[in-house]
Each structure stands twice: as C-alpha cells, then as structure tokens.
Amino acid sequence: LPHPRGPPFPHPGMNLEGFLAQLLAMAVALAGAPLLSGWVNQCRAWMQNRRAPPLAMPFRTLHKLFWKESVVAHDASPIFRIAPYIVFGCMLLASLIIPTLSTNLPMAPAADAIALVGLFGIARLFISLAAMDIGTAFGTLGARREMLVGFLAEPAFLMVLFTASLISSSTSLATTVSALAHREFAILPSLAFAGIAFTMVSLAENARVPVDNPATHLELTMIHEALILEYSGRHLALIEWAASLKLFAYSCAGIAIFFPWGIAQANDHVALLWALPVLAAKLAVGGFTLALIETILAKMRIFRVPEFLATAFLLGVLAILVHLLLGA
C-alpha cells in the first residue's frame, strides 16, 4: 500500500539522482564556460594566422582578477557593487535550467523558456544600471546600446523558443528536448528558419561580430566592454565569468533545441556517461563555427544593428507561421 502522506519526492525529477545531475550540470557550466571562451579565442587566432593563446587563458585571467583589489568610485551606489553578483547568479541559473547533460533536472518544472529569457533580461537590466550609476559618458553610452540590443533581441529569441514549444507542446525546456530527441530525423522548415534567427540573436546577445567586437578597445564602437570600464578586481572577474556563462548557455540552448541527440533522458545512467563527451564535441564544433563567422564577417555599423535583429525577429515569426500552416 502507498504511504498515506505520499512519496517523499512528489515529482519524478525531485530525487537524489536529479540533484546529482543538477550539481554535475553546474560543475560543467562553471568549468566549461571559460574553456569554451578559450577555445573560440584559439580558433580565431589560428584562422587569422596568429599565435593562439593557451586554452586555459580565461582561467588565468579570472585567477589574476580575483586576487586583485577592487577599485570602486566614491559616488558609486550599492547597485554598482551588487550588480556583478546578480549578473553572475542569473547566468549560472540560466545555465542550470537548460538541459546540457540530462533532462532529469529538479528546476525543470519551475523554469521554462520564458523564465530563461527573464533571467537574461534581469542581468541586462542590472549591468546597464551599474554602468549608468557612475555617470561616465562611455558607461551611459554602452548601457543605452545594450538596452537597444536587448529590446530587439529578446522578442526574436522568444519566437525561436515558441517555435520549439509548439513542436513539443510545452514551454519546458526539458520536455522540449525529450520530444525533439525522439522524433525521426528530418529537416523541419520551421526549425531551419528558427536556427538562422537563433544564430543571429546569439551573435548579438554575446557581443560578437558582426554586432560587436569583443577584442576592440575603441570606446565609440564598444557595447559590452563600455559597460564594464569602471569595474576591476573580483567584480570584473565575476562579470567576465558571467559573459562566458552566457555564451555557454546560448550554445547549450542551441544544442538542446536543434541538436538534442546525445542528451540523457531521466534515470538513464548509461546515456549520462556519454552525454559529457558528446556535449564537449558539440561545443567544440560550435566554437569553431563561431570563430569562423567572426573571421569572415566584418563589424557592422551600430545603426545597422536594428535591421539585423529585425530580420532575426521576422525569421522567428516566419518559423512559427510555417509550423502553424504546414505542421512541419
């Protein structure tokens, strides 16, 4: 007979195995995000016939920044001090609600695609407020550009997520991955349009060429770097780590939606053993593709960014219409 109070874990994902899978996903995100950034930098250097930095260079940079003293302006408000921690926390939570290794995630019932976009929006809001808090010209300029990019990129990203949600009949990312992974292999026109839109949005959200150049030092052309000019020490380390986590989260979101094969299902221990090398291989291919895009494209003018993201939004809307009209 069942226990009168019910099972100790009412949801199948809320068990010890689920928590272990969630902890493993967190460890992979914290360690894999800087490695992914280092891999992209290596590939870009090789393609440009330059000497590539070590793969662990982002870890060395973080270690150096964490041991340095943080210099804070006298007129800085508490928002400037807590913004790096909030941004880092939001990016880590975003990485945890995306099925990277397994769909057996305790946070899956409470966090869906809309919550994922909300976490990115909260991080953008606080980093923009912190940039304007000091009152410098470049910080305010970067904050306005960041909000412009976010205002245009978030609707396009939602259209991509809604396309996948219509196919799986759920906004839960774990359910979406499970549904798409068990479908027969076929190139769906809706996912093809959504894939192009997602690529354009991820380039803009992660401050990559052609929208922004992460290696530039020209203040008039910077977006992300202009936001963090006043940060140093551990605050700058958290922001840089959060930027790597954001790239990792977007990469894993693209893998989960468009290439879900290899992600372990709930309570599948054998598949979980293979999920980590499969994820590493997918991220390696994705990092190489990102470096290739940044090498063959040039940075566009800031006035062309709205057109670029409007095209991504239209492609996302077209993906939804194709699925509704053709069912594919």
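Taking the criterion of being within 24 Å of Ala256 (Cβ to Cβ), open to solvent by less than 80 Å² (accessible area, probe 1.4 Å) and not charged (D, E, K, R), the residues of region 281-307 that qualify are Ala281, Leu283, Ala284, Gly286, Gly287, Thr289, Leu290, Ala291, Leu292, Ile293.
No other residue among Phe151, Phe138 is open to solvent by 50 Å² or more (accessible area, probe 1.4 Å), out of contact with any Gly (no Cβ under 9 Å at 6 or more places or on another chain), free of Cβ contacts under 8 Å to residues at least 12 places away in the same chain and not in a loop (DSSP other than H, G, I, E, B) apart from Phe151. Scan region 260-280 for residues that are outside any helix (DSSP H, G or I) and of a type in the set (A, V, I, L, M) and the total you get is 3.
Is region 243-257 home to any residue that is open to solvent by 50 Å² or more (accessible area, probe 1.4 Å) and either in a helix (DSSP H, G or I) or more than 19 Å from Asp133 (Cβ to Cβ) (or both)? No, region 243-257 has no match at all.
Go through the residues of region 104-122 one by one and say whether even a single one is over 30 Å from Trp261 (Cα atoms), without any contact (Cβ under 8 Å) to a residue 12 or more places away in the chain, of a type in the set (Gly, Ala, Ser) and open to solvent by 10 Å² or more (accessible area, probe 1.4 Å). No - not one qualifying residue is present in region 104-122. Being in a helix (DSSP H, G or I), under 17 Å from the mean Cα position of the chain (by Cα), of a type outside the set (Lys, Arg) and crowded, with 22+ Cβ neighbours inside 10 Å is a description that does not apply to Ala83.
Restricting attention to region 184-204, and to residues there that are assigned to a helix (DSSP H, G or I) and of a type in the set (Gly, Ala, Ser), which single residue is surrounded by the fewest Cβ atoms within 10 Å (Cβ to Cβ)? Of everything passing the filter in region 184-204, Ala192 is surrounded by the fewest Cβ atoms within 10 Å (Cβ to Cβ). Assess whether Trp46 counts as being within 17 Å of Ala243 (Cα to Cα) and either open to solvent by 80 Å² or more (accessible area, probe 1.4 Å) or part of a helix (DSSP H, G or I) (or both). No, not satisfied.
The values are calculated or read from the model by the stated rules, or taken from the named source; none is laboratory data. Here the structure is a predicted model, which is why all the values come from computation and not from measurement. Heads up, the Cβs are rebuilt from the backbone with ideal geometry, glycines too, and the neighbour counts pull from every protein chain shown. Accessible surface is based on the protein model in full, side chains and every heavy atom, while ligands, DNA and RNA are left aside. Shrake-Rupley method; radii C 1.70, N 1.55, O 1.52, S 1.80 Å.
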